[in-house]
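This report refers to the structure that appears directly beneath it.
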Amino acid sequence: MTDATPNPEITPTGTRIPLHHEGPLGSVEAEVATVAAALCALTVGGAALVEPIPRGSTPPFGTGTVLSPWPNRVRDGRWELDGQEQVLDLTERERGNALHGLLRHADYVVRERTASSVTLGALIAPQHGWPFLLDTWVSYELVDDGLRVRHGVTNLADRSAPYAIGTHPFLRVGDTPVEELTLTAPAPRFVEVDERLNPVGVAPVAGTARDLTGGSRVGDLDLDTAYAGVEHRDGASAWLTAPDGARTELLQDPDWSYLQVFTTDLYPDQTDGHRRRAVAVEPMTAPPDALNSGEGLVWLEPGSSWSGGWGLRYVPAG
């Protein structure tokens with residue numbers, strides 16, 4: 001007879017891995033999940049930098065998950081490789097697209113771990129529309145002012161493989177209501193989309209409601225928008241500022257030239273179950289539908305590797 005009592009370590013996000021670092025701003029704490037290598041929580045000196053994922057739920061709106069080997073959408077789930085059409089599974093069925101890669105529900109394996117860092121790995125096996133074998137990893141490391149993240153991939157296939165990556169953090173600045181924060185992103189262009197959110201062109205942000213270069217109140221925004229030509233100011237590609245001046249900054253490597261901003265009023269509040277405003281600010285190496293446009297793709301020769309990173313930095317008030 002077997003014991004049917006569920007293992008308390010098993011959650012909808014897999015195993016939850018706590019991380020801890022002591023720095024000049026106080027304790028830096030994070031929690032990472034093995035499913036989708038999701039960032040479940042991050043605080044600096046008690047101030048939350050991301051929306052936390054409750055232990056008993058899946059990540060709402062894909063919160064904190066890794067988007068690999070492509071971020072955003074592939075139109076109709078179809079793309080061409082060496083003259084042959086590839087057909088991916090449609091994972092955004094209501095719009096008829098393949099969304100956010102192939103690892104959104106994968107349970108990563110812990111490859112290395114310290115008190116303040118963890119490296120998780122997952123294979124991307126050949127499957128519908130994807131005839132490659134890739135070994136991927138992501139490393140989370142706490143630092144004095146927040147978090148640094150590195151992503152890596154090695155092509156184990158016998159042919160060249162395209163690759164792009166993104167992540168899906170919903171950002172906060174401590175306990176300040178998200179609608180009261182100001183979002184700044186020094187990106188000069190945005191991706192125009194059709195009714196299925198697939199790209200149809202690129203346009204300047206100047207003079208549009210999508211212009212975040214001078215900062216906009218999050219409560220006034222209605223966005224599900226990719227930005228191109230992202231500028232990096234002291235490493236930061238976007239930042240949220242509270243009324244008292246405290247900031248959460250998104251950092252991106254110089255070759256991460258794209259950013260997705262998504263606002264919603266339907267984010268579930270874990271304290272009372274009500275819906276509220278939230279904002280995802282998502283670093284990406286490539287724009288939507290990159291498997292068709294080729295923009296931002298890294299092409300990996302057999303046996304070759306690539307790595308790149310992003311991070312979150314907390315700047316306290318004053």
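Where a number appears in this text, it was derived from the coordinates with a stated rule and is not lab data. All figures in this text were calculated on a predicted structure; none of them were measured in a lab. Note that we place each Cβ from the backbone using ideal geometry, even for glycine, and neighbour counts take in every protein chain shown.
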Checklist entry - Do you know the relative contact order of the chain, to the nearest whole percent, from alpha carbon pairs under 8 angstrom that are 6+ apart? => result 18 percent
Checklist entry - For the range 240-318 and the range 35-58, what is the separation of their C-alpha centers, rounded to whole Å? => result 15 Å
Next on the checklist: Quick one: 3J(HN,Hα) in Hz for the range 84-95, Karplus 6.51/-1.76/1.60 with θ = phi - 60°, rounded, Gly and Pro as x.
Outcome noted: 10, 6, 10, 10, 7, 5, 7, 10, 10, 5, 5, 10
Checklist outcome for this item: Which residues qualify? For Gly101, with a placed amide H closer than 5 Å and at least 5 residues away or on another chain, they are Trp70
Checklist outcome for this item: With x for Gly and Pro, the residue-by-residue ³J(HN,Hα) of the range 193-207, computed from phi through the Karplus equation 6.51 cos²θ - 1.76 cosθ + 1.60 at θ = phi - 60° and given in whole Hz, is 10, 8, 5, 9, 6, 9, x, 10, x, 10, 9, x, 7, 4, x
Checklist entry - Once amide H atoms are placed 1.01 Å from N in the peptide plane, what residues at a sequence separation of 5 or more from Ala228, or on another chain, have their amide H within under 5 Å of its amide H? => result Arg189, Phe190, Val191
Checklist entry - Quick one: putting +1 on the C-beta of Lys and Arg, -1 on the C-beta of Asp and Glu, what dipole do you get for the range 168-318 around its Cα centre, in Debye to the nearest 20? => result 220 debye
Item to check | Listed residues Glu29, Glu94, Glu180, most fluctuating in the chain (Gaussian network, C-alpha, under 10 Å) | outcome: Glu94
Checklist entry - Could you give me the ³J(HN,Hα) list for the range 278-290, computed from phi with Karplus coefficients 6.51, -1.76, 1.60 and θ = phi - 60°, whole Hz, x at Gly and Pro? => result 8, 9, 9, 10, 10, x, 9, 8, 8, x, x, 6, 5
Checklist entry - Just how far, in whole angstrom, is the range 87-161 from the range 163-207 if you go by their alpha carbon centroids? => result 22 Å
Checklist entry - Put +1 on the Cβ of each Lys and Arg and -1 on the Cβ of each Asp and Glu in the range 146-194; which of Leu156, His168, Leu183 then has its Cα farthest toward the positive end of the dipole? => result Leu156
Item to check | Kirkwood-based Rg to Rh ratio, the range 241-301, C-alpha trace | outcome: 1.13
Checklist entry - Between Gln270 and His128, 0.36 nm times their residue separation minus their Cα-Cα distance comes to what? => result 47.5 nm
Next on the checklist: Skipping prolines and chain starts, which residues have an amide H placed within reach, meaning under 5 Å, of the one on Tyr108, given they are 5 or more residues away or on another chain?
Outcome noted: Val35, Ala36, Ala37
Item to check | Distant alpha-carbon pairs in the chain (separation over 26 angstrom), percent | outcome: 45 percent
Checklist entry - With point charges of +1 on the Cβ of Lys and Arg and -1 on the Cβ of Asp and Glu, referenced to the Cα centre of the chain, which listed residue (Ala226, Pro254, Thr91) lies farthest in the positive direction of the dipole? => result Thr91
Item to check | Selection from Ser293, Trp130, Pro18, by position along the positive dipole direction of the chain (Cβ) | outcome: Pro18
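Could you sort the peptides 118-128, 202-212 by per-residue average Cβ neighbour count (10 Å cutoff), highest mean leading?
Result, highest mean Cβ count within 10 Å first: 118-128, 202-212.
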Checklist outcome for this item: Comparing Thr213, Thr114, Thr264 in a Gaussian network model of the chain (Cα, 10 Å), the one with the largest mean-square fluctuation is Thr114
Checklist entry - Taking 0.36 nm per residue of separation and subtracting the Cα-Cα distance, what length does fully extending Ala203 through Glu22 add? => result 60.8 nm
